[in-house]
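Accompanying notes for the structure given below.
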Amino acid sequence: MTTRAGELSPDEKKDPKNWTNRLRGRLEGLVPPGQALPDRQPVYVASWIYVFGVLTLTSLVVVIASGCVLSLGGVEWWHVTSLGHYTNSVHLWSVELTFGFMVIHLWGKFWMAAWRGKRAMTWMSGVLLFAISIGTSFTGFLSQSNFDSQWIAGQAKDGLNSVGIGAFFNVLNPGQMLLYHVVILPLVVGLLTLIHIILVRRHGVVPPLDADLEG
Amino acid sequence: MSALSIVAEGPGKYVNWGVIQISVANLTIIGVMILLFILALVVPFPTHDEQDDQEGHSR
């Protein structure tokens with residue numbers, strides 16, 4: 001029974017058979033209260049090494065935004081117009097920055113053993129995200145629609161075919177590679193990024209090794 | 001040859017060290033990344049409020 005438009009009665013809020021209630025409960029329990037967007041962090045987070053995760057995220061936002069602009073013009077646009085050429089360069093260099101920041105983030109987290117304190121899933125989601133990101137950039141190289149992309153496809157096909165991947169992932173098919181690059185892989189990267197961030201917010205930022213020993 | 005052509009044009013220069021062969025551009029980028037990593041560890045992070053530090057939190 002609804003008591004007012006948009007407001008549920010207490011019985012309805014607790015009904016476990018209602019999948020909306022169950023989903024709401026799960027979403028509310030994803031991160032501890034107040035930890036979704038915290039404005040305060042433990043004092044050990046005041047170090048530049050903790051900045052590289054968010055730098056990766058911000059440059060990824062530029063990658064996705066510039067990729068959306070590129071998709072408006074079509075697969076030849078970035079070769080024949082100055083704006084397209086500029087947007088293509090923004091896309092390329094934001095990818096370079098994303099990977100640079102991501103690798104420094106990885107080094108920092110590796111040397112502070114960031115999988116400690118029940119953070120194994122956070123670490124593994126980051127590893128998976130790194131691997132899928134490499135695949136996404138690879139399909140981007142194959143989608144340049146120039147001789148460079150043809151040469152890369154020609155070099156890659158034998159290796160991929162030898163392990164059977166070529167049956168469903170054909171690097172010589174630029175249409176398939178472009179759709180992997182602009183639809184499937186960005187969705188996977190976006191989803192994994194979301195999971196990774198939720199896990200970081202859920203378990204908190206990993207403390208330095210010496211802080212963990214003292215605690 | 002301009003400095004930009006090292007990373008933007010031409011066949012590129014390579015460093016050969018035993019079985020390792022790497023372009024000067026890639027080696028430079030790796031060097032810059034290692035430098036950034038070291039700087040991130042040693043350069044102090046600006047903090048605004050000493051009271052936060054005493055409470056064990058920082059903004």
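Observations on the structure shown:
- Bins of 10 Å, starting at 0 and running to the largest distance - Cα pair percent for the protein assembly as shown: 5, 20, 27, 23, 16, 6, 2, 0
- With Cα atoms, 0 to 90° folded angle of helix A:82-111 axis to chain A main axis: 50
- The packing ranking of peptides B:24-30, A:204-210, highest mean first, is A:204-210, B:24-30, where packing means the average number of other beta carbon atoms within 10 angstrom of each residue.
- Angle in degrees between helix A:120-141 and the longest Cα principal axis of chain A, rounded to the nearest 10: 20
- Folded to 0 to 90 degrees: helix A:52-73 orientation relative to chain A principal axis, Cα: 50
Read-outs: derived from the displayed coordinates by stated rules, not from any lab. Given the structure is predicted, the values throughout are model-derived calculations rather than measurements. A quick note on method: Cβ atoms are made from the backbone with ideal geometry, for glycine too, and the neighbour counts reach across all protein chains shown.
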